Each structure stands twice: as C-alpha cells, then as structure tokens.
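Read through the structure below, which is laid out as structure tokens, and then see the notes.
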Amino acid sequence: MIMDIHEIRKYLPHRYPFLLVDRVIDMEPGKSILAQKNVTINEPFFNGHFPNHPVMPGVLIIEALAQAAAILSFRTMEIYPDPNSVYYFVGIDNARFKKPVSAGDVLRLSVTINRQIRGVWKYTAQAIVENQIVAEAELMCTIRAI
C-alpha cells in the first residue's frame, strides 16, 4: 500500500517543520510499514546541527520512526486520529545510532509491530540509508485524550 503526503497528513497531526514522513512505500496493516523521509539541506535543523558538517539529529530520526509507527497503528485500527487525542511516546529502548544521516540521504523507515496490549503498542524500528542500518530502536507508543 503506497501513501502520498496528502494521505499521510490525514494520519499525522504534524506539519512543517516537524512532519518527518514524506511517503509510505509499503504497508501491511497489523504487521509493518516501510516509509521514506527525503533529507534535504533545507531542513531547519541543519543550520545549527552542525553548520560545518550537517548531520540529522538522532532524536529526529527516532521521531520519524515513531511517526511511521503512528501511521501503521492508525491504519491497523482502521481509524483516523481524533483531534482530541495525541499519539505519545511512552518508551524508547535499545536506541543505537550506527552512521550519520546527511543532506541528500533518503531515509527508509522500517517499523514492525511486536505487540499491542491495553492500548500500548510496541515496535521494532530501523532507519536505513542505502541498505545500511543507520539507527534502530524499540519504541512504545499510546493514544491519550487531550
């Protein structure tokens, strides 16, 4: 299942500069998603991280993975997010950063559902550039009313 930015915006409340998923390449609801973030030199974080050697902050790579996970969860539940709720992180375990991500990279966001218990979703997530894992983590998220 391919999803363009217009469909992605129906599932994520994030907007520029914090919307970090550009396209869904493949998805099997209830199982996994493969999404994409095109990293460009125009990203606002590159001005300060680092001006002489621009590198995408690891925390934003993890956030991009979480956004992909949110899309997968909403598609799995067959619902759109409610404007009166937020999809929150509740845990990040075993995060590892293996290689810097730079302008011009295409970041592939691979997320698999491990389980869902009492509204808490657990995922295995990997960020990949040119077939190399650049970051990985186990993520936990939940939906909460605001």
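The values are calculated or read from the model by the stated rules, or taken from the named source; none is laboratory data. For clarity, every value in this text was computed on a predicted model and none was experimentally measured. Heads up, the Cβs are rebuilt from the backbone with ideal geometry, glycines too, and the neighbour counts pull from every protein chain shown.
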Give me the residue from the range 113-140 that is without any contact (Cβ under 8 Å) to a residue 40 or more places away in the chain and more than 19 Å from P29 (Cα to Cα) and, out of that set, surrounded by the most Cβ atoms within 10 Å (Cβ to Cβ). V129
Those residues that are in a strand (DSSP E or B), under 27 Å from T40 (Cα atoms) and of a type in the set (G, A, S), I need them from the range 77-104; list them, please. A95
Checked the range 13-28 for anything surrounded by 14 or more Cβ atoms within 10 Å (Cβ to Cβ) and either at pLDDT 95 or above or touching a Cys at 6+ places or on another chain (Cβ under 8 Å) (or both); matches are L19, L20, V21, D22, R23, V24, I25, M27, E28
Among the residues of the range 19-52, the number that are touching a residue at least 12 places away in the same chain (Cβ under 8 Å) and in a loop (DSSP other than H, G, I, E, B) is 11
F50 fails exactly one of the following numbered conditions: (1) over 13 Å from the mean Cα position of the chain (by Cα); (2) at pLDDT 95 or above. What is the number of that condition? (2)
Kindly list, by first and then second residue, each pair from a residue in the range 75-96 that is under 12 Å from T142 (Cα atoms) to a residue that is in a loop (DSSP other than H, G, I, E, B), limited to pairs with Cβ atoms under 6 Å and residues at least 6 apart or on different chains. V86/I146
Here are some conditions: (1) at pLDDT 95 or above; (2) within 17 Å of E7 (Cα to Cα). D82 meets all but one. Which one does it not meet? (1)
Single unsatisfied condition, L107 versus (1) assigned to a strand (DSSP E or B); (2) in contact with a Ser or Thr (Cβ under 8 Å, 6 or more places away or on another chain); (3) under 22 Å from M27 (Cα atoms); (4) not charged (D, E, K, R): (2)
Limited to the range 29-53, what total is found for residues that are within 22 Å of N131 (Cβ to Cβ) and either among the aliphatic types (A, V, I, L, M) or surrounded by 15 or more Cβ atoms within 10 Å (Cβ to Cβ) (or both)? 7
